[in-house]
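Asker: I am attaching a structure below and will ask some questions about it afterwards.
Please treat every number below as a calculation from the coordinates, not as lab data. All values reported here derive from a predicted model rather than from experimental measurement. Backbone-built Cβ (ideal geometry, glycine too); neighbour counts: all protein chains shown.
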Amino acid sequence: FSNSFVGLAHALGHSLGGHFRIPHGRAVGLFLPYVMEFTANGGAGRYGDLARHLRLHDGGDEAAATAVLVSAIRDLARKVGQPLSLAEAGISAEDFEASLPIIVPNAMMDNAVLAAPRPAEMEEYEKLYRYAFEGKNVDF
């Protein structure tokens, strides 16, 4: 497992979970839909194929199929009691803001990002954390 290069959601989750003592699966799972949107917005990923294989979407529109898949993941997370934002996970705005200078560089240095289909810059890491705090769909 340590050599699997699991991706950006893991890097964000590792850093956040370690800092706030959030269980690994909860932290990584929280970032999954945000990272899927980020990856797809950069033209990378094959989430539309996955949506079609799961029979969630039957058209050829990659963006629409990806949106349906991300929505299904958020619906499933809600059903199993997974928080959909960092605020829902119990992190205060004050603690979140204070953590950014620590969690952003830690996520960037995580080996999990080496195989990410869409590399992220420091500003994008911070934006991903901010969008996840607010529960906002990723539009960049």
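Asker: How about the stretch 71-140: which GluC sites (Glu not before Pro) there are in a DSSP loop, with at most 11 other Cβ atoms within 10 Å of their Cβ?
Answerer: GLU121
Asker: To continue, here is another question. Please arrange LYS79, LYS127, LYS136 by how many other C-beta atoms lie within 10 Å of their C-beta, fewest to most.
Answerer: LYS79, LYS136, LYS127
Asker: Shifting gears a bit: How much mean residue ellipticity at 222 nm does the chain get from its helices, if each DSSP H run of length 4 or more adds -39500 (n - 2.57) and you divide by all residues, to the nearest 500 deg cm²/dmol?
Answerer: That comes out to -19500 deg cm²/dmol.
Asker: Let me have the relative contact order for the chain, percent, based on Cα pairs under 8 Å that are six or more residues apart.
Answerer: This gives 36 percent for the chain.
Asker: Gain in length, ARG118 to PHE140, computed as 0.36 nm per residue apart minus the alpha-carbon separation, to one decimal in nm?
Answerer: 6.7 nm
Asker: Kindly provide log₁₀ I(q)/I(0) values, in the same order as q = 0.14 Å⁻¹, from the Debye equation applied to equal alpha-carbon scatterers of the stretch 48-140.
Answerer: The Cα Debye sum returns log10 ratios of -0.67.
Asker: So if we plug the beta-carbon distance of SER85 and ASP61 into 1/(1 + (r/R0)^6) with R0 = 30 Å, what FRET efficiency do we get, rounded to 0.05?
Answerer: Result of the calculation: an efficiency of 0.65.
Asker: While we're on this one: Find the relative contact order for the stretch 18-92 and round it to a whole percent, using C-alpha pairs within less than 8 Å whose residues are 6+ positions apart.
Answerer: 29
Asker: So which chymotrypsin sites (Phe, Trp or Tyr not before Pro) in the stretch 1-84 end up in coil per DSSP with only 10 or fewer other C-beta atoms within 10 Å?
Answerer: On the way: sites: PHE1, PHE5, PHE20, PHE31, TYR34, PHE38, TYR47; in loops: PHE1, PHE5.
Listed in order of number, the matching sites are PHE1.
Asker: Quote the Stokes-Einstein diffusion coefficient, in whole µm² s⁻¹, for the stretch 1-108, based on the Kirkwood radius over alpha carbon pairs, a temperature of 25 °C and a viscosity of 0.890 mPa s.
Answerer: Once the numbers are plugged in, D ends up at 165 µm²/s.
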